[in-house]
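What follows is a short report on a single structure.
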Amino acid sequence: MTNSTSSDVSKYRFVNTIDGRAVDSDHYIDVINPATGLVCAKVPEATPDQLNEAVAAARRAQPAWAARDIPERRRILGLIAKALIDNRDELAHLIVLEQGKPMVRALDEVTRSVEQLNFLMAIDLHDDHLVDSNDRPVRIHYEPLGVIGGIVPWNMPLVLGVPKIVHALYTGNTIVLKPSQYTPLSSLRLGELITPLIPAGVVNIIAGGNEIGQLMSEHPDIDKISFTGSLRAGRAVMRSAAGTLKRLTLELGGNDAAIVFDDVDPEKIAPSLFRGAFANSGQICMAIKRLYVHERIYEPVCQALAAIAKRTVVGDGTSKETQLGPLQNKTQFDMVSGIIDDARAAGGRVLGEPDNAEKLGGYCIRPIIVADLKEGTRLVDEEQFGPVLPVLKFTDTEDVIRRANATEYGLGASVWSKDLDRAERVAERLDAGTVWINYHLGSDARVPFGGSKLSGVGVQYSLEGLRASMQARAIYSPAPID
Ligand code: NAD
């Protein structure tokens, strides 16, 4: 693709990056702009043979890449960071077109990718030193696994894809990365931008659907899959990976609970609660998906959130006024619409709809709050992944902890209270990989991120996440032989 910020990208040619080359295909995937529902670009769909070429290229390139020392790997990752920064506007523009979010949020996404890259490559990769039962030293040495397969969802194409590249490269692995078939534009363009900066085969980026993801998961020459996406697909990846026992990091869905105690000011916390639930139109794995509010401040919190929902501007992400974009695809739009219908039918009190709501285009849905629902309804029990938030009432702390934990997921959770001792005590009892106090959302690549229960396997980020792309080798000190 040429360097352009035109809203029409259909005249550009997107390519897969395989072995340092721009590779076309006979088959194309239509990419839909969710703000209009119309095709905005076509990308070449990698064939199974092209996947094999990408894996073979990554395998060939890996030993020489691993032989580069850490400062050299950091230097090249720094070049990738510079490419992201230098092309921030263009990449953000592609994210707006393919994903739908407002331009400022897409710019944030590129910036955030660079921040995470910098945090990750600042982590000290070192051996560990233990002592065995004979008081002799044992050195734990870490080696790269080889070739990593990265599979990415459609809600945050770059901020979820770039860290997969960094985990792999910084630890001496090479990678084949597959963005979602719904949002391949920014990732394919990134492949083109970084090709001149890195040795051929070290980063391969290919467009493809679920079948290519499955072939990656089964592939005998891929050593690990780093997967972010739905529970359904995560389970499929685990099944496909069983034959080769390849290593897995699975970052899956969530049904995060936020618990709001009665010592907070509803008006003051409402903007943070709203952001925690509705950022990216609710399409964030670790967004607030169930809001539990103490009965004493239940109605004021509902009304404060509804007031923000009412004045939120929803629409095409290319418009400067837009605060929330559309749902990313028709399937998600239909799924969220069905959950809203179900919530209404179950007696939910819908708040936040403007009196004279304008008709929205594409896959847009206005943010709404649903009060007076209980567990046992789809909106409370399932992951809605969209701009609709159930607000549930509680009176008793033990009861709300039990209800917050009564889900198959365990990605994130939050506690909101001025009593920080209480908040800490409750946080310790919430069964989730991350718990925030007095805010919700946000991850930092210096801190491990992963889910409990069905929200995932393993963690990304931090030394622990980096080591998940490495094999530990225990080297015992020599025993005396004479
Ligand atoms: P999805 O699971 O449908 O697709 C994600 C990726 O997996 C895509 O690239 C897709 O092509 C691939 N895929 C699908 N089926 C596959 C299979 N059988 N084998 C291998 N690959 C396959 O998910 P989505 O709809 O794109 O994303 C939404 C989901 O992702 C939500 O559940 C959300 O919570 C989750 N998510 C989790 C995190 C996290 O860090 N935990 C972050 C973002 C999104």
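Calculated on the Cα set of segment 236-326, radius of gyration then Dmax: 18.2, 55 Å. Bridgeable lysines around LYS320 (alpha carbons under 16 Å apart, same-chain partners fewer than 8 residues away excluded): LYS101. A Förster distance of 30 Å, applied to the separation of the beta-carbon atoms of LYS330 and ASP381, puts the FRET efficiency at 0.80.
Given their separation in residues at 0.36 nm each and the Cα-Cα distance between them, LEU360 and VAL447 gain 27.4 nm when the chain is fully extended. Sorting 336-349, 111-124 by their mean Cβ neighbour count within 10 Å, with the most densely packed peptide first, gives 111-124, 336-349. ILE437 to LEU197: FRET efficiency via 1/(1 + (r/R0)^6), r the Cβ-Cβ distance, R0 41 Å, to the nearest 0.05? E between ILE437 and LEU197, to the nearest 0.05, is 0.50.
Taking the square roots of 5 times each eigenvalue of the Cα gyration tensor of segment 256-437, largest first, gives ellipsoid semi-axes of 26, 17, 15 Å.
Once both labels are positioned 7 Å from their Cα atoms along Cα-to-Cβ, the gap between LYS82 and VAL39 label points is 3.9 nm.
For segment 23-78, the relative contact order is 24 percent, taking Cα pairs closer than 8 Å that sit 6 or more residues apart in sequence and dividing their mean separation by the residue count. Look at the Cα gyration tensor of segment 148-197: its axes a ≥ b ≥ c give a/c of at least 1.5 with a/b at or below b/c, and that counts as oblate. What the pair-distance distribution of segment 299-393 shows, using all Cα-Cα distances binned every 5 Å from zero, is 2, 14, 24, 24, 20, 11, 4, 1 percent.
Taking 0.36 nm per residue of sequence separation and removing the Cα-Cα distance, the HIS27/ASN405 pair yields an extension gain of 131.5 nm. Taking label positions 7 Å along the Cα-Cβ direction at both ARG239 and ARG136, the computed distance is 4.8 nm, reported to one decimal. Highest-first packing order for the peptide set 22-33, 373-384 is 373-384, 22-33, based on the mean count of other beta carbon atoms within 10 Å. Applying 1/(1 + (r/R0)^6) with r as the Cβ-Cβ distance of LYS374 and ASP421 and R0 = 30 angstrom yields a FRET efficiency of 0.50. Taking each of LYS268/LYS393; LYS42/LYS330; LYS246/LYS289; LYS246/LYS453; LYS310/LYS393 in turn, the alpha-carbon distance tops 25 angstrom for LYS246/LYS289. When a/c reaches 1.5 or more, the comparison of a/b and b/c decides; with that in mind, is segment 28-100 rounded, prolate or oblate per its Cα gyration tensor? Note, shape of segment 28-100 comes out oblate. Label zone (ARG74, point 7 Å along Cα-to-C-beta; backbone nitrogen cut-off 18 Å) within segment 448-482: 462-464, 466-467. Oblate is the label for the chain, because the ratio a/c of its alpha-carbon gyration tensor axes (a ≥ b ≥ c) is 1.5 or higher and a/b is not greater than b/c. Roughly what % of DSSP beta bridges within the chain run antiparallel, to the nearest 5? Antiparallel: roughly 40 percent of the beta bridges in the chain. In this simple spin-label model, placing a label point 7 Å from the Cα along the Cα-to-Cβ direction at both GLU428 and TYR476 gives a separation of 3.9 nm. Net length available on complete extension from GLU295 to ASP127 is 55.3 nm, with 0.36 nm assigned per residue and the Cα-Cα distance removed. The order of the peptides 353-364, 398-409, 195-206 by mean Cβ neighbours within 10 Å, most packed first, is 195-206, 398-409, 353-364.
We did not get these values from a lab; they are worked out from the coordinates using the rules stated. If you're wondering where the values come from, they're calculated on a predicted model, not measured in any experiment. Positions of Cβ are backbone-derived with ideal geometry, glycine not excepted, and every protein chain shown enters the neighbour counts.
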